[in-house]
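Worksheet: the structure to be examined is printed underneath.
The values are calculated or read from the model by the stated rules, or taken from the named source; none is laboratory data. Just so you know, these numbers come straight off a predicted model, no measurement behind them. So basically every Cβ, Gly included, is an ideal-geometry build from the backbone, and we count neighbours across all protein chains shown. Areas reflect the complete protein model, heavy atoms only, side chains present, ligands, DNA and RNA absent. Shrake-Rupley method; radii C 1.70, N 1.55, O 1.52, S 1.80 Å.
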Amino acid sequence: MDEQVRWTLQIATADRAAHRSIREIARRAVPALADFAMVFMVAGRSIVGIASVHISPAGGRLLRALQRIYRIRRDDLQSTVAQVIRTGRPSLRRSIQYDGQPAPRGSIADLHRRLACRSALVLPIHIGATVAGAVTLCYAGSGRTYAPGDLAGARRVARAIARTALLPVPHARATRLRAAVGDARRHTSIRRRLAPRN
(Lines give C-alpha, C1' and ligand atoms only; values in the text may rest on other atoms or scores of the structure.)
Protein backbone atom coordinates (compact mmCIF):
# COMPACT_ATOMS: atom_id res chain seq x y z
CA MET A 1 0.00 0.00 0.00
CA ASP A 2 1.21 3.50 -0.86
CA GLU A 3 2.73 5.26 2.20
CA GLN A 4 0.49 8.33 1.76
CA VAL A 5 -2.60 6.11 1.75
CA ARG A 6 -1.34 4.20 4.84
CA TRP A 7 -0.82 7.52 6.67
CA THR A 8 -4.26 8.71 5.52
CA LEU A 9 -5.94 5.60 6.88
CA GLN A 10 -4.23 6.08 10.25
CA ILE A 11 -5.61 9.62 10.37
CA ALA A 12 -9.08 8.60 9.27
CA THR A 13 -9.36 5.79 11.79
CA ALA A 14 -7.69 7.45 14.80
CA ASP A 15 -7.89 11.24 14.61
CA ARG A 16 -10.87 12.90 16.36
CA ALA A 17 -10.68 16.09 14.31
CA ALA A 18 -10.89 14.04 11.10
CA HIS A 19 -13.87 12.14 12.55
CA ARG A 20 -15.66 15.42 13.32
CA SER A 21 -14.99 16.77 9.83
CA ILE A 22 -16.19 13.57 8.20
CA ARG A 23 -19.28 13.56 10.41
CA GLU A 24 -20.07 17.14 9.33
CA ILE A 25 -19.90 16.08 5.68
CA ALA A 26 -22.29 13.20 6.42
CA ARG A 27 -24.57 15.62 8.32
CA ARG A 28 -24.93 17.78 5.20
CA ALA A 29 -26.30 14.73 3.35
CA VAL A 30 -29.16 14.37 5.86
CA PRO A 31 -32.09 14.87 5.13
CA ALA A 32 -31.48 15.93 1.50
CA LEU A 33 -29.87 12.64 0.43
CA ALA A 34 -30.66 10.29 3.34
CA ASP A 35 -32.59 9.75 6.56
CA PHE A 36 -29.31 8.52 8.03
CA ALA A 37 -25.72 7.96 6.95
CA MET A 38 -22.70 6.01 8.17
CA VAL A 39 -19.07 6.30 7.14
CA PHE A 40 -16.86 3.22 7.28
CA MET A 41 -13.08 3.00 6.92
CA VAL A 42 -10.81 0.02 6.35
CA ALA A 43 -8.71 -0.86 9.40
CA GLY A 44 -6.51 -3.85 8.57
CA ARG A 45 -8.76 -6.83 7.83
CA SER A 46 -11.78 -5.11 9.33
CA ILE A 47 -14.10 -2.31 8.32
CA VAL A 48 -15.18 0.01 11.14
CA GLY A 49 -17.73 2.78 11.41
CA ILE A 50 -16.09 6.12 12.19
CA ALA A 51 -18.99 8.56 11.77
CA SER A 52 -22.77 8.49 11.69
CA VAL A 53 -25.66 10.92 11.55
CA HIS A 54 -29.45 10.41 11.75
CA ILE A 55 -32.41 12.68 11.11
CA SER A 56 -33.71 12.07 14.66
CA PRO A 57 -32.01 12.03 18.09
CA ALA A 58 -33.38 8.54 18.85
CA GLY A 59 -32.02 7.26 15.54
CA GLY A 60 -28.69 8.92 16.30
CA ARG A 61 -28.45 6.93 19.54
CA LEU A 62 -29.16 3.70 17.63
CA LEU A 63 -26.47 4.54 15.07
CA ARG A 64 -23.88 5.29 17.77
CA ALA A 65 -24.71 1.97 19.46
CA LEU A 66 -24.32 0.18 16.12
CA GLN A 67 -21.05 1.98 15.40
CA ARG A 68 -19.61 0.82 18.75
CA ILE A 69 -20.27 -2.90 18.17
CA TYR A 70 -20.39 -3.34 14.40
CA ARG A 71 -17.20 -4.74 12.87
CA ILE A 72 -17.29 -6.02 9.32
CA ARG A 73 -14.69 -8.39 7.91
CA ARG A 74 -13.36 -7.30 4.51
CA ASP A 75 -14.12 -10.77 3.16
CA ASP A 76 -17.74 -10.81 4.48
CA LEU A 77 -19.88 -12.04 1.58
CA GLN A 78 -23.17 -10.88 3.15
CA SER A 79 -22.13 -7.25 3.77
CA THR A 80 -22.93 -4.68 1.10
CA VAL A 81 -20.30 -2.36 2.61
CA ALA A 82 -17.62 -5.06 2.32
CA GLN A 83 -18.68 -5.81 -1.26
CA VAL A 84 -18.43 -2.13 -2.25
CA ILE A 85 -14.98 -1.86 -0.67
CA ARG A 86 -13.79 -5.04 -2.42
CA THR A 87 -15.11 -4.08 -5.86
CA GLY A 88 -14.74 -0.29 -5.71
CA ARG A 89 -18.20 0.06 -7.27
CA PRO A 90 -21.34 1.61 -5.74
CA SER A 91 -24.32 -0.48 -4.70
CA LEU A 92 -27.91 0.69 -4.99
CA ARG A 93 -30.56 -1.23 -3.06
CA ARG A 94 -34.00 0.10 -4.00
CA SER A 95 -35.86 -2.01 -1.49
CA ILE A 96 -34.75 -3.74 1.72
CA GLN A 97 -37.02 -6.24 3.46
CA TYR A 98 -36.54 -7.66 6.94
CA ASP A 99 -37.35 -11.27 7.78
CA GLY A 100 -39.20 -10.38 10.98
CA GLN A 101 -37.17 -12.78 13.10
CA PRO A 102 -36.72 -11.61 16.72
CA ALA A 103 -33.21 -10.65 17.78
CA PRO A 104 -31.68 -10.05 21.23
CA ARG A 105 -32.10 -6.41 22.32
CA GLY A 106 -29.00 -4.38 21.50
CA SER A 107 -27.63 -6.95 19.03
CA ILE A 108 -26.51 -5.91 15.54
CA ALA A 109 -29.62 -7.52 14.02
CA ASP A 110 -31.87 -5.71 16.52
CA LEU A 111 -30.23 -2.34 15.82
CA HIS A 112 -30.56 -2.86 12.06
CA ARG A 113 -34.24 -3.76 12.49
CA ARG A 114 -34.91 -0.70 14.67
CA LEU A 115 -33.14 1.63 12.23
CA ALA A 116 -35.53 0.23 9.58
CA CYS A 117 -33.54 1.10 6.46
CA ARG A 118 -35.86 0.63 3.45
CA SER A 119 -33.54 1.72 0.64
CA ALA A 120 -29.75 2.19 0.60
CA LEU A 121 -26.97 3.60 -1.51
CA VAL A 122 -23.39 2.58 -0.65
CA LEU A 123 -20.48 4.44 -2.28
CA PRO A 124 -16.76 3.60 -2.12
CA ILE A 125 -14.37 6.19 -0.71
CA HIS A 126 -11.40 6.26 -3.11
CA ILE A 127 -8.07 7.64 -1.94
CA GLY A 128 -5.81 7.44 -4.93
CA ALA A 129 -6.12 3.95 -6.38
CA THR A 130 -7.15 2.49 -2.99
CA VAL A 131 -10.68 2.02 -1.71
CA ALA A 132 -10.21 3.28 1.85
CA GLY A 133 -13.81 2.98 2.99
CA ALA A 134 -17.47 3.46 2.12
CA VAL A 135 -20.33 5.83 2.88
CA THR A 136 -23.79 4.37 3.38
CA LEU A 137 -26.84 6.54 2.74
CA CYS A 138 -30.20 5.13 3.87
CA TYR A 139 -33.85 6.04 3.60
CA ALA A 140 -36.05 4.76 6.41
CA GLY A 141 -39.06 6.57 7.86
CA SER A 142 -39.36 9.09 5.02
CA GLY A 143 -40.53 6.35 2.66
CA ARG A 144 -38.22 7.60 -0.10
CA THR A 145 -36.38 5.20 -2.42
CA TYR A 146 -33.02 5.57 -4.15
CA ALA A 147 -32.74 5.61 -7.93
CA PRO A 148 -29.74 5.74 -10.31
CA GLY A 149 -30.12 9.53 -10.53
CA ASP A 150 -29.10 9.79 -6.84
CA LEU A 151 -25.58 8.48 -7.57
CA ALA A 152 -24.17 11.88 -8.58
CA GLY A 153 -25.01 13.54 -5.24
CA ALA A 154 -23.78 10.52 -3.29
CA ARG A 155 -20.48 10.55 -5.21
CA ARG A 156 -19.95 14.17 -4.18
CA VAL A 157 -20.33 13.13 -0.53
CA ALA A 158 -17.81 10.28 -0.96
CA ARG A 159 -15.29 12.60 -2.69
CA ALA A 160 -15.64 15.22 0.08
CA ILE A 161 -14.92 12.54 2.70
CA ALA A 162 -11.88 11.35 0.75
CA ARG A 163 -10.53 14.92 0.55
CA THR A 164 -11.01 15.34 4.31
CA ALA A 165 -9.16 12.09 5.00
CA LEU A 166 -6.28 13.40 2.86
CA LEU A 167 -5.82 16.60 4.89
CA PRO A 168 -2.23 16.88 6.15
CA VAL A 169 -1.43 16.18 9.78
CA PRO A 170 -1.03 19.47 11.71
CA HIS A 171 2.66 20.38 12.13
CA ALA A 172 2.65 20.22 15.96
CA ARG A 173 1.22 16.69 15.98
CA ALA A 174 3.67 15.53 13.29
CA THR A 175 6.57 17.01 15.32
CA ARG A 176 5.40 15.22 18.50
CA LEU A 177 5.12 11.95 16.55
CA ARG A 178 8.65 12.32 15.13
CA ALA A 179 10.01 13.13 18.61
CA ALA A 180 8.30 10.07 20.12
CA VAL A 181 9.67 7.84 17.37
CA GLY A 182 13.17 9.29 17.88
CA ASP A 183 12.97 8.68 21.65
CA ALA A 184 11.85 5.11 21.09
CA ARG A 185 14.77 4.49 18.73
CA ARG A 186 17.30 5.98 21.17
CA HIS A 187 15.99 3.90 24.08
CA THR A 188 16.13 0.77 21.93
CA SER A 189 19.76 1.44 20.95
CA ILE A 190 20.72 2.09 24.60
CA ARG A 191 19.18 -1.22 25.64
CA ARG A 192 21.08 -3.02 22.90
CA ARG A 193 24.39 -1.52 24.05
CA LEU A 194 23.76 -2.44 27.68
CA ALA A 195 22.38 -5.90 27.12
CA PRO A 196 25.75 -7.64 26.42
CA ARG A 197 27.27 -6.24 29.61
CA ASN A 198 24.52 -7.67 31.81
Could I have the simple spin-label model distance between residue 69 and residue 24, label points 7 Å from Cα toward Cβ, reported in nm to one decimal? 3.2 nm
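State in Å² the accessible area per residue of the range 1-153; use a 1.4 Å probe, count heavy atoms of protein chains only, and round to the nearest integer. Mind dumping the intermediate values first?
Numbers: 7970 Å² over 153 residues.
Using a 1.4 Å probe on heavy atoms only, each residue of the range 1-153 averages 52 Å².
Using a ≥ b ≥ c from the Cα gyration tensor of the range 35-89 (square roots of the eigenvalues), is it rounded, prolate or oblate, where a/c under 1.5 gives rounded and otherwise the larger of a/b and b/c decides, a/b for prolate?
On the way: a/c = 2.54, a/b = 1.90, b/c = 1.34.
It comes out prolate by the Cα gyration axes.
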Residue-ordered couplings for the range 32-48, obtained by feeding phi - 60° into the Karplus form 6.51 cos²θ - 1.76 cosθ + 1.60 and rounding to whole Hz (Gly and Pro as x), are 4, 10, 6, 7, 7, 9, 9, 10, 10, 10, 6, 9, x, 8, 10, 10, 10
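How big is the dipole moment of the range 1-157 about its Cα centre under a simple scheme where the beta carbon of each Lys and Arg is +1, that of each Asp and Glu is -1, and everything else is neutral? Debye, nearest 20, please.
Numbers: 24 positive and 10 negative charges, 59 e Å.
Charge dipole of the range 1-157: 280 debye, to the nearest 20.
As an exercise, take the mean of 1/r over every pair of distinct alpha carbons in the range 40-176, invert it, and state the Kirkwood radius in angstroms. Please report the intermediate quantities before stating the final value.
Numbers: mean 1/r = 0.0621 Å⁻¹.
By the Kirkwood definition, the hydrodynamic radius is 16.1 Å.
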Quick check: at a probe of 1.4 Å, how many percent of the accessible area of the range 65-104 sits on carbon and sulfur atoms? 44 percent
Count the net charge of all other residues whose Cβ sits under 11 Å from the Cβ of residue 47, scoring Lys and Arg as +1 and Asp and Glu as -1. +3
Label-point gap, in nm, between residue 129 and residue 151 - each point 7 angstrom along Cα→Cβ: 2.3 nm
Simple SL model, points at 7 angstrom along Cα→Cβ for residue 95 and residue 58; separation in nm is 2.6 nm
